Structure formats: structure tokens, C-alpha cells
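The values are calculated or read from the model by the stated rules, or taken from the named source; none is laboratory data. As the structure is a computational prediction, the values presented were derived from the model and not from experiment. As a convention, Cβ positions derive from the backbone with ideal geometry for all residues, glycine included, and neighbour counts pool all protein chains shown.
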């Protein structure tokens, strides 16, 4: 979406100006902003309040799936008003491609036991659902008190197995997205918004 088209939308002036700025300053390869920085911040705060309410009085363990969920995970745990712990796990299913290979490889395991703990698995995006299903089964086998699944994004058009997050930020169409931790070949992770990637727009 171009800056000119955004000017015609019924958005508040400040929000519209920030989105236009993001569009105009996006690096080559980003065709449009799908979810703005402000929209992300608002939704993450809402998710943090919901998790705080759901797990009131508990000390949950937030497990970040590296590397894509790292930025989302950091913002989310700061929005949760509970005593909590964090750990990290890493898998691979993309490599340098724009579609999941369907083969999930465990690269880094947790550093501590999750037995008898309330676990929240934090993911950047659910598309086929294969990675999340693999990890949820793996974690459930370790005897936690509970396992909840939290994802910033969901792409249901790509789903190969039935899985829905307990906490979801945004549902998106079947487009390859980058930014806010998501990458293409390790690039674009530091963008503050979610943008649609188009290889034809690369220099």
C-alpha cells in the first residue's frame, strides 16, 4: 500500500503519519506494511493483560522459540505482571526459503526442567503448524503442570495440522512477512513493523 493510498484512509493523523513514514523508509524488498508498530504494541499489551489474568498467582515459564520470536517474547514478558521465568529453544524448518520445509530439526534444547511448571510457548508465526505441534508434544512429554501456546501471527491458509494458539496476536493472509523478529535469510528482523516481503523489490 502506497503512502498516497494511506492518506485517504480514515486513520487518526498521528497513526497515519507513522504508517506513511514506515512505508516510505522501508528497505528494498518490503512491498507494504501489513501491521504497524503501534498496532503491534497495542496487541502485545492486551495479550500481556490476558495472560496476567489467566495465570494470576502463578509463576509461569515463558519459552521463546528462537530466533524469530525473540523480539515478541521480550515485549510480551514485560507486559505480563507476574513473577515469571524464561528459557529458550531453537528449531529450524525454513532455512533460506520463504516456505517451511515441513521438516523440524531441534537445534537448541531448554536449559532447565519444566516439570510441574505452567509453560507458555512463544512463537512468531504459525503457518503449517508442524513446528508448533512438534514442540507442544515435546514439551507436554516433560510433565509440566500446563502448556499454553502463544503466537504473534497465524496464517491459517497454510495450515497442514489442526492447531490454534491459546493467545494470538494477528491472523494474516498467505503472504511471506518479515519484521519484528521475522526474517528472510536473516535480514529484516529489526524492522519495528510487520511487512510483506517481495523478492522482486530487492535491489
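Could you run through region 159-186 and say how many residues are out of contact with any helix residue (DSSP H, G or I) (no Cβ under 7 Å at 6 or more places or on another chain), surrounded by 15 or more Cβ atoms within 10 Å (Cβ to Cβ) and either assigned to a helix (DSSP H, G or I) or at positive phi (or both)?
The number of residues fulfilling the criteria is 1.
Quick check: anything in region 126-147 under 15 Å from the mean Cα position of the chain (by Cα) and under 25 Å from residue 59 (Cβ atoms)?
Yes: region 126-147 contains one or more residues that are under 15 Å from the mean Cα position of the chain (by Cα) and under 25 Å from residue 59 (Cβ atoms).
Between a first residue in region 46-68 that is crowded, with 17+ Cβ neighbours inside 10 Å and a second residue that is in a helix (DSSP H, G or I) and at pLDDT below 95, which pairs have beta carbons less than 8 Å apart while being 6 or more apart in sequence or on different chains?
65/131
Kindly indicate which of 137, 189 is under 19 Å from residue 90 (Cβ atoms) and assigned to a loop (DSSP other than H, G, I, E, B).
189
Looking at region 91-100, is at least one residue outside any strand (DSSP E or B), at pLDDT below 95 and within 14 Å of the chain's Cα centre (by Cα)?
Within region 91-100, none of the residues are outside any strand (DSSP E or B), at pLDDT below 95 and within 14 Å of the chain's Cα centre (by Cα).
It is to be established whether one or more residues within region 71-80 are assigned to a strand (DSSP E or B) and modelled with pLDDT of 95 or more.
Checked against the condition, which is being assigned to a strand (DSSP E or B) and modelled with pLDDT of 95 or more, region 71-80 yields no hits at all.
Being touching a helix residue (DSSP H, G or I) at 6+ places or on another chain (Cβ under 9 Å) and at pLDDT below 95: is that true of residue 106 here?
yes
Residue 41 passes all but one of (1) assigned to a loop (DSSP other than H, G, I, E, B); (2) out of contact with any strand residue (DSSP E or B) (no Cβ under 6 Å at 6 or more places or on another chain); (3) at pLDDT 95 or above; which number fails?
Against the list (1) assigned to a loop (DSSP other than H, G, I, E, B); (2) out of contact with any strand residue (DSSP E or B) (no Cβ under 6 Å at 6 or more places or on another chain); (3) at pLDDT 95 or above, residue 41 comes up short only on (1).
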